[in-house]
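Every number in this text was worked out from the coordinates using simple rules, so none of it is lab data. All figures in this text were calculated on a predicted structure; none of them were measured in a lab. Virtual Cβ from ideal backbone geometry, glycine too; neighbours counted across all protein chains shown.
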């Protein structure tokens, strides 16, 4: 069998989709990779405004003209310390089950194909292999969960309806008695918006100072990520005296018998607890109005205000979903990215939400 690795070319997409449908792998949210649709592919790879030289630099592995593996890049601008650099998130590293041994060569070529640092969120098995190839495990990734409808949640987990009903009643009593929702600042207005205007460029410049390593969340990126995406997001912004203080991005989805509300992205000044309270309170209210059973949030940061605000809003359950890893040939960059305290990550950062 003749095998080789090359970059993606026009006409490969249908063959890659055939491979995706054959591989029984889930992403970190538990959604089948076969969920991938053409619009998502075009949005992530072909229409990403941050692609260097206009290419997503997807690598495919072939045997006798049949694609048996691929790995793609989601390019972003990344603020590292005081510099803006190009970075890539590895997206859906897949090899056909019959050709797993060829996946190592594909991944090694992916690491070395470009000088830009790369990052990903592998599971328990993949992180061991990647470590052997020089990839550094930065930290573990968890999502925090608030149960909004304990009765339905227990019914989803238990077969005894009486226990589910009683558990729901007891939980409602306990939560009302023990968890007091912080009262939002009356001077902060939280309203839904349809897109990100140029005021968000100023907002980004103001808040980015607080975060050593963070994806550049300017107007161009935010509109591509949330407005042009083939998914429905709801975006709320916090405003005081005509100044943007922060924003939050929400999504809903039915999965595994539960209606789930996701806080996909959130950003404020690092210690702006009042704005964080206002935004997360809006998210919880929105999820309740839309009959969500659980609310979920993923934020990796050492800024204590985020965790404090989530705890106040009863996001009490933590669930492990994978690891955050990074690779760079630049020793100066590597020393910074290896420290998890430098990072700000949410579920919007590729490829956690998608």
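In whole angstrom, and with the biggest value first, how far do the Cα coordinates of segment 238-294 range along each principal axis?
41, 19, 16
Take the alpha carbon atoms of segment 289-354, find their radius of gyration, then divide it by 2.2 N^0.38 Å using N residues; give the quotient.
1.38
Restricting things to alpha carbons, tell me how big segment 3-138 is in terms of Rg and Dmax, in Å.
Both quantities, over Cα of segment 3-138: 14.7, 47 Å.
For the ranges 244-253, 126-135, 338-347, what's the packing order if you count other beta-carbon atoms within 10 Å of each residue, average per peptide, and put the highest first?
Taking the mean over residues of other Cβ atoms within 10 Å, the ranking is 244-253, 338-347, 126-135.
When 217, 146 are ordered from fewest to most other Cβ atoms inside 10 Å of their Cβ, what list results?
The fewest-first ordering by Cβ neighbours comes to 146, 217.
Helix-derived [θ] at 222 nm for the chain: sum -39500 (n - 2.57) over DSSP H runs of at least 4, divide by residue count, nearest 500? The partial results should precede the final answer.
On the way: 11 runs with 105 residues, N = 354.
Result for the chain, helices only: -8500 deg cm²/dmol.
Give me the log10 of I(q) over I(0) for segment 177-262 at q = 0.12 Å⁻¹, as the Debye formula computes it from C-alpha points; what are the numbers?
-0.48
Compute the Rg to Rh ratio over the chain from the alpha carbon atoms, using the Kirkwood formula for Rh, and round to two decimal places.
0.98
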